[in-house]
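Enquirer: Got a structure for you, questions after.
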Amino acid sequence: AFDVYDFEGKGTVDAYYIKDLLRAVNLNPTNKKLEAFDVPAKKGERTIKLDEVIPMFATIKKDKDCGSYDDFVEVLKLYDKEENGTMMSNELEYVLMNLGEMLTKEDTMLVMKECCPP
């Protein structure tokens with residue numbers, strides 16, 4: 001996964017992609033956990049090497065508060081009233097904005113745009 005985000009092949013990754021890199025290896029860190037890693041707000045501010053990523057990986061891997069993909073699917077099944085693999089878009093919007101690590105209205109709209117056809 002590190003090599004995928006090493007766009008220039010120099011053995012470094014733009015620190016902006018820490019979130020994506022950790023999620024690419026099946027970890028689901030919360031935004032609060034990611035704040036501890038000082039993720040830059042813009043691309044190009046800082047680069048990191050693999051030996052800096054390993055401790056981040058280990059920290060997130062040990063965290064028991066992060067749900068797995070299967071956990072998320074099980075929670076969403078609670079909203080699948082017709083048991084057909086779908087849920088009402090307004091319920092998804094409510095879940096994203098009000099439960100767990102709540103998303104902002106802007107982030108919610110991005111998810112809704114990707115997940116919910118017009």
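Enquirer: At 1.4 Å probe size, put Val4, Val95 in order of accessible surface, largest to smallest.
Expert: Val4, Val95
Enquirer: Next question, about the same structure. Cross-link partners among lysines for Lys81, C-alpha distance below 23 Å, same-chain residues fewer than 8 apart left out?
Expert: In chain and number order, the partners are Lys113.
Enquirer: What value does the range 19-118 have for Rg/Rh, both radii from Cα atoms and Rh as Kirkwood defines it?
Expert: We get a ratio of 1.02 for the range 19-118.
Enquirer: Ignoring solvent entirely, what values of log10 I(q)/I(0) come out of the Debye formula for the range 1-71 at 0.12, 0.17, 0.20, 0.23 Å⁻¹ when each Cα is a single scatterer?
Expert: At q = 0.12, 0.17, 0.20, 0.23 Å⁻¹ the computed log10 ratios are -0.30, -0.59, -0.81, -1.04.
Enquirer: Separate question: Please enumerate, by chain and number, the lysines with C-alpha under 27 Å from the C-alpha of Lys61, excluding those fewer than 8 residues away in the same chain.
Expert: Lys10, Lys19, Lys32, Lys33, Lys42, Lys43, Lys49, Lys77
Enquirer: Follow-up. Show that you can apply the helix-only estimate: for the chain, add -39,500 (n - 2.57) for every DSSP H stretch of four or more residues, divide by all residues, and state [θ] at 222 nm to the nearest 500.
Expert: Here the helix-only value at 222 nm equals -13500 deg cm²/dmol.
Enquirer: Under a 5 Å amide H to amide H cut-off, with H placed in plane at 1.01 Å, what residues pair with Met87 once short-range neighbours are removed?
Expert: none
Enquirer: Counting only protein heavy atoms, what percent of the accessible surface of the chain is carbon or sulfur at a 1.4 Å probe?
Expert: The C+S portion of the solvent-accessible surface of the chain is 54 percent.
Enquirer: Using +1 at the Cβ of each Lys and Arg and -1 at the Cβ of each Asp and Glu in the chain, identify which of Ala58, Asn31, Gly11 lies farthest towards the dipole's positive end.
Expert: Gly11
Enquirer: Here is a follow-up. Taking DSSP loops as anything outside H, G, I, E and B, show the longest stretch in the chain free of trypsin sites (Lys or Arg not before Pro) there with at most 10 other beta carbons within 10 Å.
Expert: 82-118
The values are calculated or read from the model by the stated rules, or taken from the named source; none is laboratory data. Every value quoted in this text rests on a predicted model; they were computed, and no experiment measured them. Because the Cβ atoms are built from the backbone with ideal geometry, glycine has one as well, and the counts that use them run over all protein chains shown. What goes into the accessible areas is simple: the full protein's heavy atoms, side chains included, and nothing from ligands, DNA or RNA. Shrake-Rupley method; radii C 1.70, N 1.55, O 1.52, S 1.80 Å.
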